[in-house]
1. Hey, ALA45 hits all of (1) within 19 Å of VAL198 (Cα to Cα); (2) aliphatic (A, V, I, L, M); (3) in a helix (DSSP H, G or I) but one; which does it fall short on?
2. All but one of (1) under 30 Å from ILE343 (Cβ atoms); (2) assigned by TED's automatic domain parsing to the domain that holds LYS158; (3) over 19 Å from the mean Cα position of the chain (by Cα); (4) surrounded by fewer than 22 Cβ atoms within 10 Å (Cβ to Cβ) hold for THR42; which doesn't?
3. So in region 1-39, with the set limited to residues that are hydrophobic (A, V, I, L, M, F, W, C) and part of a loop (DSSP other than H, G, I, E, B), which one is surrounded by the most Cβ atoms within 10 Å (Cβ to Cβ)?
4. Kindly provide the set of residues from region 129-168 that are part of a loop (DSSP other than H, G, I, E, B) and of a type in the set (Asp, Glu), ordered by number.
5. Evaluate the following for THR235: is it touching a Gly at 6+ places or on another chain (Cβ under 6 Å), under 21 Å from MET202 (Cα atoms) and surrounded by 15 or more Cβ atoms within 10 Å (Cβ to Cβ)?
6. ASP78: modelled with pLDDT of 95 or more and of a type in the set (D, E, K, R), yes or no?
7. Would you tally the residues in region 328-379 being under 23 Å from the mean Cα position of the chain (by Cα), among the hydrophobic types (A, V, I, L, M, F, W, C) and part of a helix (DSSP H, G or I)?
8. Go over the candidates GLN55, GLN30 one by one and state the one that is over 20 Å from ARG221 (Cα atoms), modelled with pLDDT under 95 and in contact with a helix residue (DSSP H, G or I) (Cβ under 7 Å, 6 or more places away or on another chain).
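The values are calculated or read from the model by the stated rules, or taken from the named source; none is laboratory data. If you're wondering where the values come from, they're calculated on a predicted model, not measured in any experiment. For neighbour counting, all protein chains shown are included, and Cβ atoms are generated from backbone atoms with ideal geometry for every residue, glycine included.
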Amino acid sequence: MKSKLPHVGTTIFTRMSALAHQHDAINLSQGFPNFPADKKLTALAAQALRDDHNQYAPLGGKFSLRKILSEKVARLYDRNIDPETDITLTAGATQAVFTAVATMVHPGDEVIMFKPAYDCYEPAIDLNRGITRVFQMKPPQYAIDWNAVEDLISEKTKLIVLNSPHNPTGKLLHQADIDALIQLVDKYPQLYILSDEVYEHMTFDERPHLSVLQFPKLAARSMACFSFGKTFHVTGWKLGYIIAPEALMNEFRKVHQYNVFCVNHPFQVALAEYLKDADNYLNLPAFYQKKRDHFLSITSRSRLKMLPSEGSYFQLADYSEISNEKDDAFTLRLIREKGLALIPVSGFNQNAEQHHNVRICFAKTDETLEAAAEIINRL
């Protein structure tokens, strides 16, 4: 059989985690917490199972959950959205991304994305016979040159894929980025935006997360994806949601109904109750900043040069003072010889461009971070 994705293999996350297991290495590679979820949330999920919320949920998701999500968006982003027509629950943000791309991208349409980039975007574009146009960001700032982005736009450009807080760099979109994006949307009426905002509650040093939902001209042209798994330390639940104007959401649901139709019902019931206490997400920036700051403190003696992390639960580090190896060779040696698993960033870059950077996930217990720091400080 001829492959539709001939250049795609097993993800770097799966490979590095498998190697970490094989070599009994400390795993700071794959982006998931190794501490438990809030017992209040898991108790609510168990109760929903006992209460027999075990049949199909509505296509768009349980209305009580969509309603409280609409209230959350109004509180955080000053945006009134209709819970009936503008929100759909998804099987995680990755399914939301894939379905959004399938909804908006026709054969030959061009999609602009920013690399380094999370690895689910480009295969979704390829499978829907779109054409990817890449702006490659550069360390240490990983800034976007919006004039260069505009140079990528043609009459075939349909979609811009955003990610903020950004995986893997930990960078945020700032107001100047938003202003530039608004100018592009004004100038090119065929443009739509797919905004991956799964780390919305993980921003540091009092920097705000700027959602496309806050800006009317962007919100009118955007689909924005979110993740309960990332937010509440339950990545295995694979539950997220997408927000878009009614006309876009109607088209999204046409694809969604034949992709998964609906998603996990009892967990939706649990989350609808859990979200009634806004502190369950409003306290997350301080929680993760404490972890970031602790990790930076305990690795301050190392020869890794830590790049600024403004959000997410990832930290990039430049290892060029330690080795001139390519990052995949460096990280493989770390696993085998030092017992530490990190992610090589070249896999996120255009043509595996080398910046001698590795990605570190600090969504781990203090004990795990401290054990990893002992290894890092000896490199």
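1. The failed condition is (1).
2. Among (1) under 30 Å from ILE343 (Cβ atoms); (2) assigned by TED's automatic domain parsing to the domain that holds LYS158; (3) over 19 Å from the mean Cα position of the chain (by Cα); (4) surrounded by fewer than 22 Cβ atoms within 10 Å (Cβ to Cβ), THR42 violates only (2).
3. This residue is LEU28.
4. Answer for region 129-168, where residues must be part of a loop (DSSP other than H, G, I, E, B) and of a type in the set (Asp, Glu): ASP145, GLU155.
5. Spelling it out, THR235 is indeed touching a Gly at 6+ places or on another chain (Cβ under 6 Å), under 21 Å from MET202 (Cα atoms) and surrounded by 15 or more Cβ atoms within 10 Å (Cβ to Cβ).
6. Yes: the conditions hold for ASP78.
7. Summing the residues that are under 23 Å from the mean Cα position of the chain (by Cα), among the hydrophobic types (A, V, I, L, M, F, W, C) and part of a helix (DSSP H, G or I) in region 328-379 gives 4.
8. After applying the criteria, what remains is GLN30.
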